[in-house]
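Input: a single structure, listed below in structure tokens.
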Amino acid sequence: MKKYISSFVSGFGAGVLHVVPVAKSISCCLIVPLASFIALVLDKKANPTADKITMKKGALIGLFTGLYAALFGTLFDLFITLVTKNNDIVSMMPELQKMISTLPISETLRTEVINLYENVRNDIMQYGFSLLYALSIIINNTVVNSVVGIIGGLVGAQVINQRLNNRNGYQ
Amino acid sequence: MIIQFRIILFVLLLLWTSGIFYQCLLEKFSFLLYGYPFAYNAYSLVCHQDPAKVINLSCGNSLVCSRCLGIYFGLLSNSIVHFFYEIRTNKNFTLVLIAIIPMIIDVILTTASIYNYSKAVAITTGFLFGSILFLYLYNGLQNLIIETAKR
């Protein structure tokens, strides 16, 4: 745990930013990669050595940052859904129904899919919780944030190593 | 990097980029309809999905904005190039800065309403950034494989 405290800190920050709409619209896809980079910088400050960051370490810190971001992002998302009884799925339902009605699919499939979505929406509007929705965001957040975190860690480690190279070159 | 890893990287990027056009895939594979909100949610983690900025096709809308689409196309196209020719980076980050500056300038100028948002400009600047980013991602993965193989 102590080894990945920098991942915990920046992962928490990324998790918070995931549920802030304005921050999300500005930073777009860069939240978790930037969090990974910040985690590497924090780790380097906490353990100041002249050694370069290995790619394995970069990837691991990125992975843990992504996992923490997923954990906190999911918790905040579920909590906000529970309190407000509203989320993206509920607000996209009319558009979704319109889209489904235009697709060239069988009537049975159409009804089945609409019923499935309506059950999720009703659960959220009534109880503020839907098991299917919770499972889907847990899986999505974990997989997507981990991969994006690793990418941020790999690229971030190269940026920090390059800066170390430059500094050592001048000394 | 050995060809197998390059193929895996390409396939992963191809799957991710194809998923952006999920609405278009629904016409051919109607069973995918069950997973639509799931896919929409997955891409919402990496893009704001502003309806005014997504790509509108006759078969549906893309699940990410034009700039993100450009970035993923950049990554994918460079992964194709790497099948035939491995581009070596000099590990200097000037190239990344050169690639990211047009994107940042475009974001600032459109946000400040100095000129209107253009999907073509967003895709182009995103593509430039994505294709350069791939070089560093590739380099990082290559070093990771070497480090892992050494142990």
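The values are calculated or read from the model by the stated rules, or taken from the named source; none is laboratory data. The structure presented is a predicted model; accordingly, all values stated were derived computationally and were not measured. Neighbour counts are summed over all protein chains in view; Cβ atoms, including those assigned to glycine, are modelled from backbone coordinates with ideal geometry. In case anyone asks, the SASA skips ligands and DNA or RNA and just uses the protein heavy atoms, side chains included. Shrake-Rupley method; radii C 1.70, N 1.55, O 1.52, S 1.80 Å.
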Q.
Checking the condition within 27 Å of A:TYR133 (Cα to Cα) and either surrounded by fewer than 16 Cβ atoms within 10 Å (Cβ to Cβ) or modelled with pLDDT of 90 or more (or both), which residue from B:LEU45, B:LEU63, B:LEU26, B:LEU57 passes?
A. B:LEU63
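Residues are listed down the side, and each one gets a yes or a no for (1) basic (Lys, Arg); (2) closer than 20 Å to B:PHE10 by Cα; (3) within 14 Å of the chain's Cα centre (by Cα):
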| position | (1), (2), (3) |
| --- | --- |
| B:ILE87 | no, yes, no |
| B:ASN92 | no, no, no |
| B:ILE108 | no, no, no |
| B:ALA112 | no, no, no |
| B:ASN116 | no, no, no |
| B:LYS119 | yes, no, no |
| B:LEU128 | no, yes, yes |
| B:SER131 | no, yes, yes |
| B:LEU137 | no, yes, yes |
Q: Considering (1) more than 9 Å from every other protein chain (Cβ to nearest Cβ); (2) part of a helix (DSSP H, G or I); (3) closer than 21 Å to B:ALA120 by Cα; (4) touching a residue at least 60 places away in the same chain (Cβ under 8 Å), say which one B:ILE71 fails and leave the rest.
A: (1)
Q | Qualifying residue in the range B:76-93 (condition: closer than 29 Å to B:ASN41 by Cα, open to solvent by less than 60 Å² (accessible area, probe 1.4 Å) and of a type outside the set (S, T, N, Q)) | A | yes
Q) Among (1) assigned to a helix (DSSP H, G or I); (2) away from chain B (no Cβ under 11 Å), which single condition is A:PHE129 missing? A) (1)
Q: Tell me which of these A:ILE137 doesn't satisfy, since it passes every other one: (1) within 30 Å of B:PHE93 (Cα to Cα); (2) buried (at least 16 other Cβ atoms within 10 Å of the Cβ).
A: (1)
**Q.** Every residue from the range A:82-112 that is away from chain B (no Cβ under 12 Å), in a helix (DSSP H, G or I) and closer than 30 Å to A:VAL148 by Cα
**A.** A:LEU82, A:VAL83, A:THR84
**Q.** B:PHE38 at the interface with chain A (Cβ under 7 Å from one of its Cβ atoms) and open to solvent by 20 Å² or more (accessible area, probe 1.4 Å)
**A.** yes
Q | Output for the range B:1-45, where each listed residue is closer than 16 Å to A:SER136 by Cα and not aromatic (Phe, Trp, Tyr) | A | B:LEU32, B:LEU33, B:GLY35, B:PRO37, B:ALA39, B:ASN41, B:ALA42, B:SER44, B:LEU45
Q. Do we have B:ILE80 as in a helix (DSSP H, G or I), in contact with a helix residue (DSSP H, G or I) (Cβ under 7 Å, 6 or more places away or on another chain) and within 13 Å of chain A (Cβ to nearest Cβ) here?
A. no
Q) Do we find that B:ILE114 is β-branched (Val, Ile, Thr) and in a helix (DSSP H, G or I) in this structure? A) no
Q.
Being polar (S, T, N, Q), outside any helix (DSSP H, G or I) and closer than 16 Å to B:ILE123 by Cβ is the requirement here; does B:ASN61 meet it?
A. yes
Q: Just give me the residues in the range A:53-83 being over 20 Å from A:LEU34 (Cα atoms) and open to solvent by 80 Å² or more (accessible area, probe 1.4 Å), in sequence order.
A: A:LEU75, A:PHE79, A:LEU82, A:VAL83
Q. Out of (1) more than 9 Å from chain B (Cβ to nearest Cβ); (2) under 24 Å from the mean Cα position of the chain (by Cα); (3) not in a loop (DSSP other than H, G, I, E, B), the odd one out for A:ASN115 is which?
A. (2)
Q: Just give me the residues in the range B:24-35 being more than 7 Å from chain A (Cβ to nearest Cβ) and under 14 Å from A:GLU112 (Cα atoms), in sequence order.
A: B:PHE31, B:LEU32, B:GLY35
Q: Return the only residue of A:PHE76, A:PHE37 being closer than 21 Å to A:ASN140 by Cβ, assigned to a helix (DSSP H, G or I) and out of contact with any Phe, Trp or Tyr (no Cβ under 6 Å at 6 or more places or on another chain).
A: A:PHE76
**Q.** Residue pairs meeting the criteria (Cβ under 9 Å; at least 6 apart or on separate chains; first more than 7 Å from chain A (Cβ to nearest Cβ), in the range B:132-151; second surrounded by 21 or more Cβ atoms within 10 Å (Cβ to Cβ) and not in a helix (DSSP H, G or I))
**A.** none
